[in-house]
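Scroll down for the structure; my scribbles are underneath it.
Please treat every number below as a calculation from the coordinates, not as lab data. Note that the structure is predicted; figures quoted are calculated from it, not measured. Note: ideal-geometry Cβ built from the backbone for every residue, glycine included; neighbour counts use all protein chains shown.
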């Protein structure tokens with residue numbers, strides 16, 4: 001994932017930080033306790049705070065794979081809106097997560113997703129989850145999202 | 001099924017999300033979660049992550065039952081999961097059941113389907129690979 005090198009007028013763009021306040025406040029993301037961590041032109045980053053009742057391993061106090069999947073799904077959606085600079089109704093069509101290693105015991109997990117391509121009806125996302133060192137990921141993900149409802153044609157970069 | 005030998009099928013996470021064992025079909029657990037706020041994504045619908053969490057839990061539950069019936073103790077670790085979201089799941093009871101396609105010595109391959117009122121129209125399907133770390137190595 002690359003760093004953004006050309007800062008643009010932040011007021012002209014979809015604001016993931018501001019949107020996170022309502023996107024992450026209720027429902028499943030709210031239950032997980034997801035928080036905004038950062039974003040760039042085409043990526044967004046969320047934090048999944050460690051919590052006893054999110055543990056999946058019967059031996060180690062490690063966050064389960066399910067919440068990590070949820071966080072990456074959410075971060076992927078936010079990466080699409082960040083890249084598109086607006087909210088587009090999307091639905092995840094297909095998503096794959098490879099779990100490289102368990103997260104650290106009692107460790108928060110960070111999810112960072114990048115939307116690297118959009119077409120009229122689809123958006124392609126890749127991302128990682130890590131617990132402090134992005135070069136030593138806990139998991140990697142790849143997903144395809146489809147635009148739904150009347151928002152087809154919104155993702156305009158490629159047809 | 002003898003109650004005393006049934007393994008724990010739910011993790012902290014699964015229990016906390018409200019996932020329960022609905023029934024056993026041919027010895028395979030059917031899991032479900034109701035349309036509570038903790039699963040909601042887009043208003044009135046399941047979050048894809050909650051759907052996946054249910055299916056993943058159903059996959060582990062099926063493996064735990066199979067290993068337990070074989071009298072084997074093992075720890076399960078996720079390798080990967082691929083989820084197909086076929087149709088939006090409404091904020092209503094969602095069920096999931098797994099089929100073990102391979103139960104090997106070191107890994108298992110499991111497919112899962114999740115459905116609501118129409119079982120022949122699944123809302124999502126998944127395939128996962130799971131690492132099996134056995135407490136006592138087999139003769140082979």
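At-a-glance table
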| read-out | value |
| --- | --- |
| Residue exposure sequence - A:25, B:125 - by fewest surrounding Cβ within 10 Å | A:25, B:125 |
| For B:12-21, mean number of other protein chain Cβ atoms within 10 Å | 5 |
| Global form of the protein assembly as shown, assessed from the alpha-carbon gyration tensor, a/c cut-off 1.5 | prolate |
| Relative contact order [Cα under 8 Å, 6+ residues apart], segment B:4-130, whole percent | 26 |
| Inter-site label distance for residue A:21 and residue A:87 at 7 Å from Cα along Cβ, in nm | 1.3 |
| Rounded if a/c under 1.5, otherwise prolate or oblate - segment B:17-99, Cα gyration tensor axes | prolate |
| Per-residue average of Cβ from other chains inside 10 Å of B:96-104 | 0 |
| Anisotropy class of segment A:13-159 from Cα gyration tensor, a/c 1.5 cut | prolate |
| Space enclosed by the convex hull of the alpha-carbon atoms of chain B, per residue, Å³ | 106 |
| Viscosity 1.002 mPa s, 20 °C: Kirkwood-radius Stokes-Einstein D of segment A:58-121 over Cα pairs, µm²/s | 159 |
| For B:81-89, mean number of other protein chain Cβ atoms within 10 Å | 5 |
| Per-residue [θ]222 nm for chain B (sum of -39500 (n - 2.57) over DSSP H runs n ≥ 4, rounded to 500) | -6500 deg cm²/dmol |
| Spin-label zone in segment B:63-91 - amide nitrogen under 15 Å from a point set 7 Å from the Cα of residue A:148 along the C-beta vector | B:84-91 |
